[in-house]
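Below is one structure, written out as structure tokens; the observations come after it.
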Amino acid sequence: MWIETIGAGQEAAMWMPSLVDRAGPKYLRIADAIAEDVYAGRLKVGERLPTHRDLAWRLGVTVGTVSRAYAEAERRGLVAGEVGRGSFVKAGARSQATLDMPAVGGPQTIELGVNRPPTHVIAPEYADAMRRIAGSNMLGELINYQAHTGRWEHRAAGAQWIRRRGIEVGPERVLVTSGAEHAITASLMAFSDPGDPILVEELTWSGVRALSSLLRLSLRPVAMDEEGMTPEALEATARASGARLLYTTPTLHNPTTKTMSVERRKAIAEICRDLGITIVEDDIYGTIAEDPPPALSSYAPERSIYITAASKAMAPSLRIGFAAMPSDRLGRFSSAARATNWMAPPVMGQIVADWIEDGTCDVLADRIRRETKTRHAVAARALEGLTWASKPGCFHIWLELPEPWRAQDVVAAARQRGLAMTSTELFVPGRSETPHAMRITLTAAADAEELERGLRLLVDLLRSDPDLSLAAA
């Protein structure tokens, strides 16, 4: 909906979302309205949305609700937030908005966008774990409130798991979180202030982009090579920006699949030590990678927040993460974690702790790796003739797009063929140029046969004329 206003001799258009006939939480209703108006052309590329405070006042909601709505719209690739300037409709947002519109016929959707493990290989153990806890004498205790730092035995299991990655840590320096994203949120809140620059890879996880917008932080991209972030670019960007916090995924990087060597990790750690930079290491894929190097944090433990979680190595719905850090950082992190979520779910924490203690986590990780290897073989067959990169154990590949295709156009056209994909724009910090490549997830399809069918549909699309394909969409 639009409200036209005339003032100071100049006409201006003020956007006002219509929340009528929308279901769900208010922040999602606002985000859906943004998607609908972008799709319909009522919000155009470059348009600035109302300020959080102004829209909150006009809708009669809290500023926090609008902030969450704008963060959700940014996660969907519809808008980009800039510290001090506001939130703007992004280039390619209309193509991304098609993901929020009702499907137009076609076959059953094949998921190539969500980065998740192949859940069918872990279902039997999950069912057994739920039955075991339901019949145990611990259930009454587990369904009650717990310490917000996590049960001690869960922290001990987390420490045991983390030590496998080369970090010597005890349970007193490990906190249990509601997944990796909760730990990353607490890290950004605890160790930065609004307006601060945050160092990230030149392509970075979409969630940290949404968080930076919500927390009013400024992402500073650092150039990468075949191993990931380069030491020279890190030092230059840190000195130029004054940034004192680095968020990085050095193992099976999302989205490019790159993994830092030991030598690169040592160099990055030394620069962070010299410049007083706090490292927030997202090692979500470290426990399912094949023969990964030790964690980056192991080379600078005195200034690292190391984060891992069960969602990739065990099951997506196990919202349990572990954060390890120096003793002098525990207080600030703990306060931020408590402010955003009182406690991680104890029943889930017990499942994860049991699996770490009895070795089930290793059985599941091995099973996931073997299934992932099968999916890689499918990709090698189906994508023959195209250029792509990945690593053993990686759920996704990084596919170069043939000219003249662009990522946002592939997302829109693929949807009409029953393929769900993620736009590359979601991984681009700020206003950096979007590469002509895409992250394709191999492990979210129901099985290898469905994956092969989906990839062949994608290949057929990429061999077609974009103008004709988009006209059909």
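Computed quantities for the displayed model
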item: 3J(HN,Hα) from dihedral phi, segment 313-322, Karplus parametrisation 6.51/-1.76/1.60, rounded to Hz, x for glycine, proline; result: 8, 10, 7, x, 7, 7, 7, 10, x, 10
item: Listed peptides 298-304, 183-189 by packing density, highest first (mean Cβ within 10 Å); result: 183-189, 298-304
item: All-pairs alpha carbon distance profile, segment 262-417, 10 Å steps from 0, percent; result: 9, 26, 30, 25, 10, 0
item: Fraction of beta bridges assigned by DSSP in segment 138-358 that are antiparallel (%, nearest 5); result: 40 percent
item: List ARG244, ARG53, ordered by accessible area with a 1.4 Å probe, largest first; result: ARG53, ARG244
item: Gyration tensor (alpha-carbon) shape descriptor, segment 206-273, a/c threshold 1.5; result: oblate
item: Accessible carbon and sulfur surface of segment 26-89 relative to its total accessible area, %, 1.4 Å; result: 49 percent
item: 5 angstrom amide H check on LEU419, placed H, neighbours 5+ away; result: ILE110
item: Residue-normalised accessible area of the chain, given per residue in Å² at a 1.4 Å probe; result: 41 Å²
item: Largest to smallest accessible area among TYR27, TYR306, TYR39 [probe 1.4 Å]; result: TYR39, TYR27, TYR306
item: Stokes-Einstein translational diffusion, segment 26-89 - Kirkwood Rh over all Cα pairs, 0.692 mPa s, 37 °C, in µm²/s; result: 285 µm²/s
item: Under Karplus coefficients 6.51, -1.76 and 1.60, residue-wise ³J(HN,Hα) of segment 245-259 in Hz, glycine/proline x; result: 9, 10, 9, 8, 10, x, 10, 6, 3, 9, x, 7, 6, 5, 10
item: Within the accessible area of segment 387-464 (1.4 Å probe), percent carbon and sulfur; result: 47 percent
item: Under-5 Å amide H pairs with PHE322, H placed in peptide plane, nonlocal only; result: THR177, THR308, ALA309
item: Relative packing of peptides 113-119, 376-382 - highest average C-beta neighbours within 10 Å first; result: 113-119, 376-382
item: Highest to lowest packing among 217-224, 44-51, scored as the average C-beta count within 10 Å; result: 217-224, 44-51
item: The chain - charge dipole about Cα centre, Lys and Arg +1 at Cβ, Asp and Glu -1, debye rounded to 20; result: 800 debye
item: Cross-link table LYS258/LYS312; LYS90/LYS312; LYS312/LYS373; LYS312/LYS391, entries beyond 21 Å C-alpha to C-alpha; result: LYS90/LYS312
item: Gyration tensor verdict on segment 138-358 (Cα atoms; rounded if a/c is under 1.5, prolate if a/b is larger than b/c, oblate otherwise); result: prolate
item: Under 5 Å, built H, 5+ apart or other chain: amide partners of SER218; result: GLY195, ASP196, ILE198
item: Accessible-area order (highest first, 1.4 angstrom probe) of the listed residues GLU357, GLU433; result: GLU433, GLU357
item: Phi to ³J(HN,Hα) by Karplus 6.51 cos²θ - 1.76 cosθ + 1.60 over segment 59-66, Hz, x for Gly, Pro; result: 8, x, 10, 7, 4, x, 4, 5
item: Within the accessible area of segment 138-358 (1.4 Å probe), percent carbon and sulfur; result: 51 percent
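The values are calculated or read from the model by the stated rules, or taken from the named source; none is laboratory data. All values reported here derive from a predicted model rather than from experimental measurement. Because the Cβ atoms are built from the backbone with ideal geometry, glycine has one as well, and the counts that use them run over all protein chains shown. All accessible areas refer to the heavy atoms of the entire protein, side chains included, with ligands and DNA or RNA removed. Shrake-Rupley method; radii C 1.70, N 1.55, O 1.52, S 1.80 Å.
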